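Just so you know, all these numbers are worked out from the coordinates, no wet-lab data involved. Note that the coordinates shown come from a computational prediction; the quantities given were computed from them, not determined experimentally. In this analysis, Cβ positions are derived from the backbone assuming ideal geometry, glycine residues included, and neighbour counts consider all displayed protein chains.
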Amino acid sequence: MIIHPQIQGCVARNCHPIGCRAAVQQQIASVKAAGPFNGPRRVLVLGASSGFGLASRIALTFGAGADTLGISFERGPSDKGLGSAGWYNNIWFRQAAEQEGRIAINLIGDAFSDALRQQAIDCIRQQLGQVDLVVYSLASGLRVLPDGRQVRSVLKTTGQPFSGWGLDLEQDTLVQQSLSPATPEEIRDTVTVMGGEDWQLWLQALQQADCLAPGVQTVAYSYIGPESTYPLYRDGTIGYAKEHLHATAETINLQLAELGGHAWVSVCKALVTKASAYIPVLPVYLGLLMGVMKERGVHEGCIEQMQRLFAAKMYGPHGVVADGNRLIRMDDHELDPAIQSAVSALWPKVTPDNFHALGDFAGLRQDFMELNGFELPGVDYGAPVDVASLTELLP
Ligand code: NAI
Ligand code: NA
């Protein structure tokens, strides 16, 4: 079978499993090139199969020799298709980690459920004993609460409606997109799905089960961004959820005090992932930002960002490096006033006719394709993929 990319709007409908292997290997090589650091030895990663969670796992295993339990919600091969990129990322990561003698366990299922929490606890007890770090990197549009109620997050603004050019990756063009103001229920629901409640439930359950090692740390990922994106993010429903996440870090931090542990939020740079490509209008900012940051030599992809987080800002010579609000600022380069004024000068000029000349939309597109295993260097996309042997692989 020859696999061609199927992109719909800003969503990939398929993946190239062999390309996904090349993408995982590329990230491993990047971490190895950056050199080893003294990090945590046993790590639980929630949302381990793609984006920041996968990059975190790779940075910790191949940079600090960590054994990991990774949790994700992914589709394997079925009559509906070959399965999701994250399914294969889990497989290729485990194979590579095991080759280096590391433990790498994948649990596939709903991380919001008590059943999966119990499964994870059993698995930690049996195979890792305890964990030294819990990375919380879930991104989801839906959370099924422990009582069975389904809650959906929305990507809307608050206050005034907001509109602007958005990116259509399928047609490689810009389209007008608008965000309407959310209702109070929509804000509340988005906080329920993407806020800190589930993170706290995880840490509580792990602590009660004695799965957290003395001095344990936990980190969740957030975004703030520059003022120009506030209507899209910080003052949007997702921004409310992140505010809740930040507040929850303080609650968890108190809870962990008896173990000498700490809870942190890392405020990251905007990057192309499955989740971020889906936020209206934001990808246009992202394309402009990528152009400016590459031009100035300060661009980072997911893997460089996560490698720097752990090696320099959490487990480096100065321990955890945080600001006055206890936030770890990985968005330092993005928010550099020189970078932001360059982006702000370009943004109002963007049209469907000139966007490629103004920003690095080719680079953005390349990153998006690579997330799904397409357009990776060294992969022969003309060669048929052996579906039968892929179907035998288990996460
Ligand atoms: P992603 O879509 O690449 O990864 C999401 C992960 O969550 C996947 O591993 C997926 O399998 C897992 N997942 C989703 N629902 C699940 C469920 N019910 N049970 C188990 N696993 C589930 O997203 P990305 O971008 O890596 O996002 C991770 C975190 O980083 C999010 O909190 C996001 O807000 C944050 N972040 C992202 C930024 C970006 O630019 N992409 C910037 C700053 C923060
Ligand atoms: Na992730």
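Candidates Met330, Gln204, Thr391 compared by Cα position along the dipole of the chain: farthest toward the positive end lies Gln204, with charges placed on Cβ.
Here each label is just a point 7 Å from Cα along the line to Cβ, and for Gln127 and Tyr278 those points are 2.7 nm apart.
In the chain, Cα pairs under 8 Å separated by at least six residues give a relative contact order of 22 percent. With the convex hull drawn around the C-alpha atoms of the stretch 318-395, the volume per residue stands at 237 Å³.
Ala362 to Lys80: FRET efficiency via 1/(1 + (r/R0)^6), r the Cβ-Cβ distance, R0 35 Å, to the nearest 0.05? E between Ala362 and Lys80, to the nearest 0.05, is 0.65. The distance between label points at Glu185 and Asp332 comes to 4.5 nm (points 7 Å beyond Cα on the Cα→Cβ vector).
You can think of it this way: the chain between Ala209 and Ser163 has 11.8 nm of extra reach, that is 0.36 nm per residue less the Cα-Cα gap.
Is there a quick way to get the dipole size of the stretch 214-290? I mean about its Cα centre, with the Cβ of Lys and Arg at +1 and of Asp and Glu at -1; what is the value in debye to the nearest 20? Walk me through the intermediate numbers first.
Working: 4 positive and 5 negative charges, 60 e Å.
Dipole about the Cα centre, nearest 20: 280 debye.
Hydrophobic long helices, here whole DSSP H runs in the chain with Kyte-Doolittle means of at least -1.0 and Cα atoms spread over 24 Å or more along the helix axis, are found at 17-34, 237-256.
Hey, what did the stretch 43-199 get for relative contact order, percent, Cα under 8 Å, at least 6 apart? Working shown, then result.
Details: 238 pairs, mean separation 32.6, N = 157.
It rounds to 21 percent for the stretch 43-199.
Multiplying each eigenvalue of the alpha-carbon gyration tensor of the stretch 222-336 by 5 and taking the square root yields semi-axes of 26, 19, 11 Å, largest first, rounded to whole angstroms. Computed over the chain with a Gaussian network model linking Cα atoms closer than 10 Å, the most mobile of Leu133, Leu145, Leu54 is Leu145. Dividing the convex hull volume of the alpha carbon atoms of the stretch 37-86 by its residue count gives 69 Å³ per residue.
Between Pro384, Pro352, Pro77, the residue with the greatest mean-square fluctuation in the GNM of the chain (Cα pairs under 10 Å linked by springs) is Pro384.
Report, in whole Å, the centroid distance computed from the Cα atoms of the stretch 234-297 and the stretch 183-200. Between the Cα centres of the stretch 234-297 and the stretch 183-200 lies a distance of 15 Å. Think of the chain as a dipole: +1 on every Lys or Arg Cβ, -1 on every Asp or Glu Cβ, centred on the Cα centre; then among Gly291, Leu142, Leu60, Leu60 lies furthest on the positive end.
Taking all Cα-Cα distances within the chain, those exceeding 34 Å account for 25%.
Here's the picture: charge each Lys and Arg Cβ at +1 and each Asp and Glu Cβ at -1 in the chain, and of Gly236, Thr351, Ala96 the one pushed furthest to the positive end of that dipole is Ala96. Residues considered: Arg234, Arg149, Arg102. Largest GNM mean-square fluctuation over the chain, using C-alpha springs under 10 Å, is found at Arg149.
Could you put Arg188, Arg143 in order, starting from the residue whose Cβ has the fewest other Cβ atoms within 10 Å?
Working: Arg188 15, Arg143 23.
Listed from fewest to most nearby Cβ atoms, that is Arg188, Arg143.
Taken along the Cα-to-beta-carbon direction at a fixed 7 Å, the label points for Ala33 and Ser178 span 4.5 nm. Dividing the alpha-carbon radius of gyration of the stretch 271-368 by the rule-of-thumb value 2.2 N^0.38 Å gives 1.18.
Grab the other residues whose beta carbon is less than 15 angstrom from that of Asp367, score K and R as +1, D and E as -1, and report the net.
On the way: positive: Lys269, Lys274, Lys294, Arg365; negative: Asp172, Glu300, Glu304, Asp360, Glu370, Glu375.
Combined, the nearby Lys, Arg, Asp and Glu give -2.
Think of each Lys and Arg Cβ as +1 and each Asp and Glu Cβ as -1; about the Cα centre, that makes the dipole of the stretch 291-336 roughly 180 debye.
Given +1 on the Cβ of Lys and Arg, -1 on the Cβ of Asp and Glu, and no further charges, what dipole in debye does the chain carry about its Cα centre, rounded to the nearest 20? Can you show the working numbers first?
Values: 29 positive and 40 negative charges, 61 e Å.
Using Cβ point charges on Lys, Arg, Asp and Glu, the chain gives about 300 debye.
When the Cα atoms of the stretch 70-211 are aligned to their principal axes, the ranges along those axes come out at 52, 36, 30 Å in descending order.
Its DSSP H runs of at least 4 residues, each contributing -39,500 (n - 2.57), put the calculated 222 nm mean residue ellipticity of the chain at -12000 deg cm²/dmol, to the nearest 500.
Let me make sure I get this right: for the stretch 1-128, a, b and c are the square roots of the gyration tensor eigenvalues over alpha carbons, sorted descending. Under 1.5 in a/c it's rounded, otherwise prolate if a/b > b/c, else oblate. Which is it? Kindly include the intermediate steps, with their values, before the conclusion.
Numbers: a/c = 2.13, a/b = 1.25, b/c = 1.70.
Oblate is the answer for the stretch 1-128, as a/c is 1.5 or above yet b/c matches or exceeds a/b.
Just so you know, the averaged projected area of the alpha carbon convex hull for the stretch 87-171 sits at 10.0 nm². Distance from the Cα centroid of the stretch 131-166 to that of the stretch 43-118 is 21 Å (rounded to whole angstrom).
Were the residues from Leu201 through Val320 laid out at 0.36 nm apart, the gain over their Cα-Cα distance would be 40.5 nm.
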